[in-house]
1. Calculate, in nm to one decimal, what Gln51 and Asp69 gain on full extension: separation in residues at 0.36 nm each, minus their alpha carbon distance.
2. At a probe radius of 1.4 Å, what is the per-residue accessible area of Ile53, in Å² to the nearest 10?
3. Relative to the longest principal axis of the C-alpha atoms of the chain, give the angle of the C-alpha long axis of helix 15-25, reported between 0 and 90° and rounded to the nearest 10°.
4. In Å², and per residue, what accessible area does the chain have when probed at 1.4 Å with the other protein chains present?
Amino acid sequence: MHPFFIFVKCELGKAYDVAAALVEEVEGVSEVYSISGPFELLVKVYIDDGQDIGRYVNEKIHALPNIKDTQTIITFNAFT
């Protein structure tokens with residue numbers, strides 16, 4: 001499994017609705033955090049190695065209502 005992160009910008013007043021939809025409806029979403037700054041949410045996602053991250057974001061995340069913008073952060077190594 002490969003993790004990556006997505007910053008999500010929501011329509012005004014819809015961050016909690018988007019967070020709920022991400023947690024309840026989107027396979028692979030591990031955690032959703034409310035954050036400060038230009039984006040409202042930070043989403044941690046795990047997908048199978050070799051799965052297309054761009055297609056996942058386009059089909060699973062962008063398809064949800066009330067999302068205005070996203071920024072995807074691809075990870076390389078986890079230091080523990």
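1. Using 0.36 nm per residue and subtracting the Cα-Cα distance, I get 4.3 nm.
2. 30
3. Roughly 40 degrees, rounded to the nearest 10.
4. Details: 5340 Å² over 80 residues.
Per residue, the chain has an accessible area of 67 Å².
The values are calculated or read from the model by the stated rules, or taken from the named source; none is laboratory data. Because the structure is a prediction, the values reported are computed rather than measured. For the accessible areas, the whole protein counts, side chains as well, though only heavy atoms, and no ligand, DNA or RNA atoms are used. Shrake-Rupley method; radii C 1.70, N 1.55, O 1.52, S 1.80 Å.
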